[in-house]
Amino acid sequence: MNERQFISIAVLTENQDDVERVNSTLRDAGHVAHCHWIDSPGKFDETLSVERIDLIILNSEGYPDAIRQVIKHKDAYQPEVPVIAVRKTVDEAGIQEAMQAGACDLVSVGRKGRLQAVVARELRAFRVERALNSTLNSATEYRRQLNNYMQGSTSAIANVQEGIITEVNKAWLKLFKSANKNEVVGLTIMDYFAAESQAAVKGAIIATEKGKWQAGEKLVAKSSLGRTEPDTLELGFQFVEFDDGSYVQIRIAPPEKKPEEPTKLVHEALQRDPTTLLYHRAQFLERIQKRLKNSPKSGLHLLAYIKPDDFSGVRSDVGILNTEEVLAQFAEEVRKRLHPRDVAGRFEGTVIMTLLERGNERDAVVWAQQLCDHIEKYEFKVDDQSVILTCTVGVCAVSGVYSSFEQLISAVANAHDQGKQSGGNSVYLSESTDESTRLRKYDAIWVKRIKAALMENRFRLAQLPIAGLRSESAGMYDMLVRMIDEQGSAILPSEFLPAAERNNLMQNIDRWIIAASMNYCNDGAATQVFVRLSRHSMQDSSLIPWMAKELEKHQMDPGRLCLQVPEREAAKHIKQTKKVVDELRKLGVRFALEHYGIDKDRFQILDILKPNYIKIDGELMHTLTTDTKMQDSVQKVAAAADQRNIETIAERVENANAMAVLFQLGVHFMQGHYVHEPEVVLQEADFGPARTG
């Protein structure tokens with residue numbers, strides 16, 4: 001009802017009857033009008049100065065000033081107000097002349113209906129213009145206030161448009177030690193960050209522009225200028241829009257200064273080896289024994305025994321005084337590849353030992369192999385000399401197989417020795433006790449517990465949400481499993497699955513998870529679930545017929561179920577895998593390759609198996625944010641998958657930096673603790689006690 005709201009009209013005429021005629025005409029059209037009778041330019045001046053006028057109606061034959069003078073007069077006060085001229089008779093030439101003088105239209109006094117239509121049109125246009133001007137004024141004021149806030153903020157702030165800095169505040173100039181804005185505006189934002197951080201920063205900017213960056217999330221980046229304090233910065237990102245375009249605003253909060261007690265600093269220093277800056281042996285062993293008293297929230301603990309190969313040769317290359325410098329650089333390369341919850345120490349001589357937290361043994365082996373590959377290519381420099389090293393890593397999973405801490409340490413040291421005996425520059429996973437009496441006794445306990453849990457249906461699903469990066473992911477979940485013990489506590493799969501794999505119980509567990517996942521889908525909680533298939537199930541000829549019956553029983557769209565197997569297992573048993581995948585495809589079930597590696601081109605397996613998804617190996621995520629070669633490889637994998645209509649999922653994404661890089665590289669989805677912690681679902685399978693062989 002815009003035309004029916006109150007309007008204020010100035011009627012310019014020497015005849016008061018004209019005022020009543022206008023009022024009556026507008027009232028008949030439904031307008032509630034207040035008409036100001038203006039019979040002289042002086043009164044017009046007074047009215048414009050004190051009243052807010054919506055419309056001016058001018059009797060061009062009965063007012064002292066002509067149209068052009070009236071327009072000039074009102075423009076001095078309220079320039080946006082429209083003017084409609086009236087006279088007794090009107091023709092096309094008269095309308096043109098009036099409009100050229102500045103009037104919006106010329107209307108005949110006797111054409112009441114036309115006057116109503118012209119008034120309605122001009123009021124509508126005037127209100128739209130007034131609202132637009134108000135919005136623009138508000139935006140201008142908002143921008144002024146925002147700019148004032150920006151300039152007064154203690155946080156360093158820059159506005160970025162298409163990668164170019166358009167505005168910075170004083171705190172930004174101070175942080176990066178620039179003299180004035182002229183030194184900064186027009187530069188690319190990437191000029192401020194080290195090469196290892198650029199992919200994350202660029203990805204965060206793109207994610208912000210696409211509305212994918214979470215408010216309050218922080219990205220950690222290193223300055224490229226080498227003159228900030230500190231050199232590691234926490235960046236926030238916000239999308240802002242103004243009348244002249246949209247920007248990504250980057251905000252760097254000032255670091256919190258936490259004064260350290262001198263005695264605390266000294267105590268910390270005394271705990272660390274002066275060469276490697278890692279923990280001394282005693283402090284390291286004390287810390288890991290405390291850590292081992294509690295199981296990780298997910299996955300398991302592993303020890304890694306890392307030693308440079310043939311380090312005695314370094315002495316002849318760089319001299320006896322410089323060997324410690326080489327070892328220090330070696331330790332730094334190890335440290336940079338540790339995950340946040342890993343612990344490292346100098347164990348003895350040139351040996352570095354680390355306690356790792358990983359999803360499984362394979363993840364630790366992949367991490368160790370990446371370390372070996374990196375060390376082999378790295379050039380250690382001392383003065384003007386260069387040294388090339390290799391290393392060997394022994395890996396041992398922490399489990400109840402070892403009755404003492406000393407046995408565990410001996411096992412990982414023996415694993416290293418096995419790797420060194422095989423030629424060095426390698427990774428060796430401790431398997432020396434696989435057939436021992438200890439392991440058989442250990443397995444016997446777990447087999448009994450697993451069978452009891454299967455018979456009593458004491459397994460539960462745990463779902464890990466999958467979030468969209470470049471694609472939407474509503475209702476996508478990776479399905480995990482927990483075993484409930486006799487006291488009702490959840491047991492992580494890293495504790496019971498190894499024993500299940502060694503004792504042919506995985507088929508039963510796999511089937512329980514598949515059936516429970518179907519129930520989960522039918523409850524409406526998921527549109528797509530990912531379920532792992534063990535090697536034993538892949539070789540089970542009765543799996544596909546069983547699945548066909550379960551799908552029919554659950555009356556579920558088979559496309560909501562996606563079975564996944566590790567890429568290495570699929571490649572190792574490629575014929576059997578292809579047979580199973582083809583049969584799954586006939587059922588309408590989807591297929592994914594998980595733990596997909598990037599160390600070499602493996603696109604042939606994609607052409608053979610034609611998966612719906614590939615999951616990029618989660619062990620790569622920690623170094624992906626800073627390793628530009630790895631970023632190139634992931635981008636290549638993502639592009640190859642796109643060409644084949646395969647969607648990509650990044651595993652084990654733990655922070656905003658990894659998310660930003662993945663967004664930049666073209667990956668579709670991500671999963672991991674950055675998205676959500678695994679959540680246990682009280683879901684039971686709807687079949688009776690499973691056979692336990």
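The values are calculated or read from the model by the stated rules, or taken from the named source; none is laboratory data. Note that the coordinates shown come from a computational prediction; the quantities given were computed from them, not determined experimentally. Heads up, the Cβs are rebuilt from the backbone with ideal geometry, glycines too, and the neighbour counts pull from every protein chain shown.
General remarks:
- Only one of the listed residues (E268, E217) is farther than 22 Å from T625 by Cα, at pLDDT below 90 and not assigned by TED's automatic domain parsing to the domain that holds N657. That residue is E268.
- Condition check for E80 on (1) touching a residue at least 40 places away in the same chain (Cβ under 8 Å); (2) of a type in the set (D, E); (3) surrounded by 15 or more Cβ atoms within 10 Å (Cβ to Cβ): one failure, at (3).
- The residues in the stretch 389-418 that are under 37 Å from the mean Cα position of the chain (by Cα) and outside any helix (DSSP H, G or I) can be counted, and the count is 11.
- Flag if Q385 is within 24 Å of I288 (Cα to Cα), at pLDDT below 90 and over 39 Å from the mean Cα position of the chain (by Cα): no
- Candidates E495, E472, filtered to the one that is closer than 23 Å to V653 by Cβ and among the charged types (D, E, K, R): E472
- Any chance S436 is out of contact with any Leu (no Cβ under 9 Å at 6 or more places or on another chain), at pLDDT below 90 and among the hydroxyl-bearing types (S, T, Y): yes
- Across the stretch 145-194, the qualifying residues are those that are assigned to a helix (DSSP H, G or I) and acidic (D, E), and the one among them that is nearest to E209 (Cα to Cα) is D191.
- Residue list for the stretch 308-324, filter: outside any loop (DSSP other than H, G, I, E, B), out of contact with any Lys or Arg (no Cβ under 8 Å at 6 or more places or on another chain) and either of a type outside the set (D, E) or under 13 Å from R346 (Cα atoms) (or both): P308, S312, G313, V314, R315, S316, V318, I320, L321, N322, E324
- Members of the stretch 600-659 that are of a type in the set (S, T, N, Q), touching a residue at least 24 places away in the same chain (Cβ under 8 Å) and assigned to a helix (DSSP H, G or I): T623, T628, Q631, S633, Q635, N657
- The residues of the stretch 345-364 that are within 33 Å of the chain's Cα centre (by Cα), outside any strand (DSSP E or B) and either among the acidic types (D, E) or closer than 24 Å to Y279 by Cβ (or both), listed by number, are E361, D363, A364.
- Looking only at the stretch 474-489, and only at residues there that are touching a residue at least 40 places away in the same chain (Cβ under 8 Å) and surrounded by 15 or more Cβ atoms within 10 Å (Cβ to Cβ), the one that is nearest to R358 (Cα to Cα): L480
Conditions (1) out of contact with any strand residue (DSSP E or B) (no Cβ under 9 Å at 6 or more places or on another chain); (2) surrounded by 18 or more Cβ atoms within 10 Å (Cβ to Cβ), marked per residue:
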site: Q370; (1), (2): yes, yes
site: I375; (1), (2): no, yes
site: S386; (1), (2): no, no
site: L408; (1), (2): no, yes
site: V412; (1), (2): no, yes
site: H416; (1), (2): no, yes
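- Sole exception among (1) closer than 19 Å to H668 by Cβ; (2) at pLDDT 95 or above for D582, by number: (1)
- Selection status of Q604, outside the structural domain of K202 (by TED's automatic domain parsing) and surrounded by fewer than 21 Cβ atoms within 10 Å (Cβ to Cβ): yes
- Considering the stretch 276-294, the residues that are outside any helix (DSSP H, G or I) and surrounded by 15 or more Cβ atoms within 10 Å (Cβ to Cβ) include one that is modelled with the lowest pLDDT, namely T276.
- No other residue among G394, G400 is of a type outside the set (D, E) and loosely packed, with under 15 Cβ neighbours inside 10 Å apart from G400.
- Among the candidates K112, K72, K88, the residue that is over 18 Å from I7 (Cα atoms), assigned by TED's automatic domain parsing to the domain that holds D17 and touching a residue at least 60 places away in the same chain (Cβ under 8 Å) is uniquely K112.
- Residue within the stretch 478-493 that is under 22 Å from A658 (Cα atoms), at pLDDT 90 or above and in the same structural domain as V565 (by TED's automatic domain parsing) present: yes
- The stretch 204-213, residues that are within 9 Å of the chain's Cα centre (by Cα) and either over 21 Å from T232 (Cα atoms) or in a helix (DSSP H, G or I) (or both): A204, A207, K212
- Filter pass, E594 being buried (at least 19 other Cβ atoms within 10 Å of the Cβ) and acidic (D, E): yes
- Residue check for A526: touching a residue at least 40 places away in the same chain (Cβ under 8 Å), out of contact with any Pro (no Cβ under 6 Å at 6 or more places or on another chain), part of a loop (DSSP other than H, G, I, E, B) and of a type in the set (A, V, I, L, M, F, W, C): yes
- Conditions (1) assigned to a helix (DSSP H, G or I); (2) closer than 23 Å to D317 by Cβ: number failed by S386: (1)
- Among the candidates V19, V32, V11, residue that is farther than 16 Å from L123 by Cβ and either touching a His at 6+ places or on another chain (Cβ under 8 Å) or in the same structural domain as G110 (by TED's automatic domain parsing) (or both): V19
- Test: residue in the stretch 521-531 that is farther than 30 Å from A638 by Cα and touching a His at 6+ places or on another chain (Cβ under 9 Å): yes
- Residues that are in contact (Cβ under 8 Å) with a residue 60 or more places away in the chain, touching a strand residue (DSSP E or B) at 6+ places or on another chain (Cβ under 6 Å) and surrounded by fewer than 16 Cβ atoms within 10 Å (Cβ to Cβ) do occur in the stretch 490-513, at least one of them.
- Of all residues making up the stretch 31-65, the number that are small (G, A, S) and exposed (fewer than 14 other Cβ atoms within 10 Å of the Cβ): 3
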